[in-house]
């Protein structure tokens, strides 16, 4: 289940969080993640052409490959805020650097929340110095709390691997519930590890893991202006530098992907108003790319998602969504299963008895829809949620 | 308003409709449109790779350029029904041809409704011959009624133009409420005219008009397996053959587009659970293609559509949707208006007072959002609906 109480944390990082008055609700909204010394850093960012000020700044900063502190706020995205927004993002970095006594270039800033309103800078002026004083190795959960906007629960995941005889730990924090589509819509994730990872290796590992996790989830297909995933490696576990394709390198890559996958699934499960987490598994496509295209088309269909909400084994909508994905498919070869219950063979429904069994699967909080195309060996998956009344309620009222 | 009582109908066509027992509700579900003699015919069809049996058949049939009868049923889409489905569609054509005493090749068949269930052929065996006996020039409204599935109201539009001193009339019927996205998702439309139009001219006119109307509406981005638009020209008005680029030819093209636009807007207004009809107008794009891409991206954003439902002037979501459209935009040049109320200038919000005025616009049943990109002279539009609770209710429960 989400929110597992992660205690075995990577060495070399400290955390702090506060209620700084950015959110009207008075809930925690400002947090800091600080490495004891400059950490190796890699990042992936939104593909939206409209990029929020903190993303502009952070994307530039982490090009150096080093980062020592992340300042993150919720309640205000500092997006569509023009020159003032960029100046404010810079000021946030300056404040953080000043409070920590480190170079400004080692600070990343991230914001999430309402678009189009400038940051309330007095909140930052007042609370950033206080955060710096409160840093502690055990406040990681408080940071996850302070990152929340419409999130129903904070999101933390962790794994550990042995490298060169040393325990290396990975912990990930994420926020994101609505506006989630591939290419990382209003989603922030910070991953800390005490493994020793070179800069170029960190970038490649993160890109691969993001591609297979955060880029394969959808709640509502919208892509935000602020999405950011940052990986910080402190090396504080004292293990030798990671060798990418060695057995230990592969273990680390798998552990990193597992952390991101846990977080990605939590985000879908927490999709605004979502009651179900559904894996769309497409097998037998002509290529992996085709499989991914079909999986994405099914996962993002509003009709499929409302049918999931209604526990309706409406396989016709699944076939229709596969059909308009834009890749070659042969309807007469399609096989569809809900978990292990076959519902369609050779493009034809298997009747009322199977539908009754499939409906039981659809009532579960988590299940897999497998679509076998019978054309080749390409496989891919996508995680999606159902689409229910709560999604409408939350998003129609979000700013009021 | 929709449902205007159209009386001035094109000469040369007769209509009939019945409750044939295909729908469980017992409502009208089977109809016939018959030309007095073979009419010039053109059609456009779904781009879904999974194509329903009646579409396979009709697409093939109208290649001849002639059609004399359309048999249409609601309540069952005859989609994902394999070989049996194709045999059933053929049988429907044979029954119709037999009842009318015409060649089978002159019959088009169209179906809409539930996917994955074979047609209840006894309904057709019984009622097609009766329909043929009941044909009448004044039953066009009954046909529109019988085409409905989740449609809240029947959809009819009409125009007339003078060609060579003769009044030529155009009447269009449509069904469609959910699963509406460009490329004509679960949408059927039949357009009859008594103008004299050559086959190749009819095809070009129809394609152009569909591109600017039905292909620019969205309710939920899903594209169905059954979409069909058919144009039948009887020539019964006695006017000379249409000359495409002549003044009269252009008048006819405009009238045809107006009929389709009326129907397209009725479909959006009737979008499942929709309470608003919104035109997304994008101006100042680098090209018309770019403008259309941005308009589509905004029109299909679930977050934008839920904000419309909540009368929330959330311009940040509009900019974000423009940003992920995939074309070049410069956020600092963006101007946004809700009807004539400016809300954004140079990418920045204009504050609380304008927002209050914009919110009033958003409460209207029909309004325009104009997005000026400031990059060139490319313009395009898209029609969309809001996304509310009713959409979820209807689609979660559709089959139960």
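The values are calculated or read from the model by the stated rules, or taken from the named source; none is laboratory data. Since the model is a prediction, treat every value here as computed from it, not as a measurement. Every residue, glycine as well, gets a Cβ built from its backbone with ideal geometry; the counts of neighbours run over all protein chains shown.
Results, tabulated for the structure shown:
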{"item": "Helices (runs of 4 or more DSSP H) completely within region A:255-339 that count 2 or more residues being under 22 Å from the mean Cα position of the chain (by Cα)", "result": "A:288-299, A:302-309"}
{"item": "Residue B:319 vs. criteria facing chain A (nearest Cβ under 7 Å), farther than 25 Å from residue B:270 by Cα and in contact with a helix residue (DSSP H, G or I) (Cβ under 8 Å, 6 or more places away or on another chain)", "result": "yes"}
{"item": "Residue match in region B:373-392 (condition: in a helix (DSSP H, G or I) and surrounded by fewer than 24 Cβ atoms within 10 Å (Cβ to Cβ))", "result": "yes"}
{"item": "Only listed residue being buried (at least 24 other Cβ atoms within 10 Å of the Cβ) and either touching a residue at least 60 places away in the same chain (Cβ under 8 Å) or assigned to a strand (DSSP E or B) (or both), chosen from A:55, A:51", "result": "A:55"}
{"item": "Residues of region B:322-331 classified as facing chain A (nearest Cβ under 7 Å) and free of Cβ contacts under 8 Å to residues at least 40 places away in the same chain, total", "result": "3"}
{"item": "Residue under evaluation residue A:342, criteria (1) in contact with a helix residue (DSSP H, G or I) (Cβ under 8 Å, 6 or more places away or on another chain); (2) over 30 Å from residue A:176 (Cβ atoms); (3) at the interface with chain B (Cβ under 9 Å from one of its Cβ atoms), criterion not met", "result": "(3)"}
{"item": "Residue within region B:357-366 that is crowded, with 24+ Cβ neighbours inside 10 Å, more than 29 Å from the chain's Cα centre (by Cα) and away from chain A (no Cβ under 11 Å) present", "result": "yes"}
{"item": "Some residue of region A:289-309 being surrounded by fewer than 24 Cβ atoms within 10 Å (Cβ to Cβ), within 11 Å of chain B (Cβ to nearest Cβ) and modelled with pLDDT under 90", "result": "yes"}
{"item": "Residue within region B:30-48 that is at negative phi, without any contact (Cβ under 8 Å) to a residue 12 or more places away in the chain and surrounded by fewer than 16 Cβ atoms within 10 Å (Cβ to Cβ) present", "result": "no"}
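Yes/no matrix, rows are residues, columns are (1) surrounded by fewer than 24 Cβ atoms within 10 Å (Cβ to Cβ); (2) modelled with pLDDT of 95 or more; (3) within 14 Å of chain A (Cβ to nearest Cβ):
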{"residue": "B:69", "(1), (2), (3)": "no, yes, no"}
{"residue": "B:72", "(1), (2), (3)": "no, yes, no"}
{"residue": "B:77", "(1), (2), (3)": "no, no, yes"}
{"residue": "B:84", "(1), (2), (3)": "yes, yes, yes"}
{"residue": "B:88", "(1), (2), (3)": "yes, yes, yes"}
{"residue": "B:92", "(1), (2), (3)": "no, yes, no"}
{"residue": "B:98", "(1), (2), (3)": "yes, yes, no"}
{"residue": "B:102", "(1), (2), (3)": "yes, yes, no"}
{"residue": "B:108", "(1), (2), (3)": "no, yes, no"}
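One line per residue, one yes/no per condition, for (1) within 14 Å of chain A (Cβ to nearest Cβ); (2) more than 29 Å from residue B:86 (Cα to Cα); (3) crowded, with 21+ Cβ neighbours inside 10 Å; (4) modelled with pLDDT of 95 or more:
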| residue | (1), (2), (3), (4) |
| --- | --- |
| B:142 | no, no, no, yes |
| B:151 | no, no, yes, no |
| B:157 | no, yes, yes, yes |
| B:160 | no, yes, no, yes |
| B:195 | no, yes, yes, yes |
| B:221 | yes, no, yes, no |
| B:227 | yes, no, yes, no |
